[in-house]
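Everything below concerns the one structure shown next.
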Amino acid sequence: MIDFILYNDLALSFAIENVITFSFVLTFLIVLIRYKSEKSLKLGALVYASSYILSNIAYGTLELLPNGSLIGPDFFYLQWIMYESLTIILCFMIHLSMKIQHHEAVINAYRLSCINMFSCLIVHYLAIVKSVPDHWFYSVYSITVNTTAFLIVFLFVFNIKRSVDSCFLKFRLS
Amino acid sequence: MFFEVPFVLIISIVACVIVFKIKKIEYIEDKVIPLPELAEMLLLELEKINAMDISLRIDAKQHWDDKFNIYLERKRLDTTKNQHPNLKIRAVK
């Protein structure tokens, strides 16, 4: 049985974080070259790539600050929820202002970000509010956040137009 | 801690609402009156304006002209979009 203990292996988690950020930048370049006509996909890839870069920079900056000088230590998981929400809101607002229809991959990326947000919220409750030292959900969380990030990359790189709603509809009809 | 949690909760709720209602929001954005329907509406409106008092007619006609110009612009774009690509190039030249 594989035991996932990424959440307490900081070096490994930082390495994965950097790989994810790099793959988002690479994704944006691939989308820019391969799918020139897909405005929404290009915009989504750009917003997600910049979000991952900026959130990593912001996280690094906040880590350098002494505890309690700007924000409390309780903000650790909440900041990831904030970054995800701001990414969705910003991407949506740009689409709305430029009157571009959302690509199915971008909508699915939003949904995956929502899953990320919920898992962060649960971990915040367990680790910060309840102070539980060890819980099975911590492993689930570390797998979820990384898997969703790679799934978003996959959606953008392969221009996945399949809607989740239609998949459910087919499943229900069959 | 006093403002962080409510702030994060509010923006995450906004993000969730966007994600769950995105299809509906886009549908409302896309909903535009088709051109033939708009032409009929404009004709009916013009008939009403012609039956109006002369003092009221000037302002109403100006307003109608603006709407008619938008209709003409939409019709022009629609015609260009449906044209054959070769015809488009010739028209530009």
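When the stretch A:92-113 is filtered for residues that are in contact (Cβ under 8 Å) with a residue 24 or more places away in the chain and within 8 Å of chain B (Cβ to nearest Cβ), the ones remaining, listed by number, are A:Q101, A:H102, A:I107, A:R111, A:S113.
Residues of the stretch A:72-91 that are over 17 Å from A:Y141 (Cα atoms), in a helix (DSSP H, G or I) and more than 7 Å from chain B (Cβ to nearest Cβ): A:T87, A:L90, A:C91. Of the numbered criteria (1) β-branched (V, I, T); (2) within 15 Å of A:G44 (Cβ to Cβ); (3) at pLDDT 90 or above, the one A:I160 fails is (3).
Tallying residues that are polar (S, T, N, Q) and in contact with a His (Cβ under 8 Å, 6 or more places away or on another chain) within the stretch A:86-123 yields 1.
Right, A:S51: at negative phi, in a helix (DSSP H, G or I) and of a type in the set (G, A, S) or not? So A:S51 fits the description; yes. Condition test on A:L62, is it more than 7 Å from every other protein chain (Cβ to nearest Cβ) and either in a helix (DSSP H, G or I) or at pLDDT 90 or above (or both)? It is true that A:L62 is more than 7 Å from every other protein chain (Cβ to nearest Cβ) and either in a helix (DSSP H, G or I) or at pLDDT 90 or above (or both). Give the residues of the stretch A:118-148 that are within 11 Å of the chain's Cα centre (by Cα) and surrounded by 22 or more Cβ atoms within 10 Å (Cβ to Cβ), sorted by residue number. Passing the criteria: A:C120, A:V145.
When B:M52 is tested against the conditions (1) part of a helix (DSSP H, G or I); (2) at pLDDT 80 or above, the lone failure is (1). Scanning the stretch A:96-107 for residues that are modelled with pLDDT of 90 or more and buried (at least 23 other Cβ atoms within 10 Å of the Cβ) returns A:A105, A:V106.
Taken over the stretch A:39-59, the residue count meeting the criterion of being at pLDDT below 90 and either exposed (fewer than 14 other Cβ atoms within 10 Å of the Cβ) or among the β-branched types (V, I, T) (or both) is 2.
The values are calculated or read from the model by the stated rules, or taken from the named source; none is laboratory data. Keep in mind it's a predicted model, so treat the numbers as computed, not measured. All Cβ positions, even for glycine, are placed from backbone atoms using ideal geometry, and neighbour counts span all protein chains on display.
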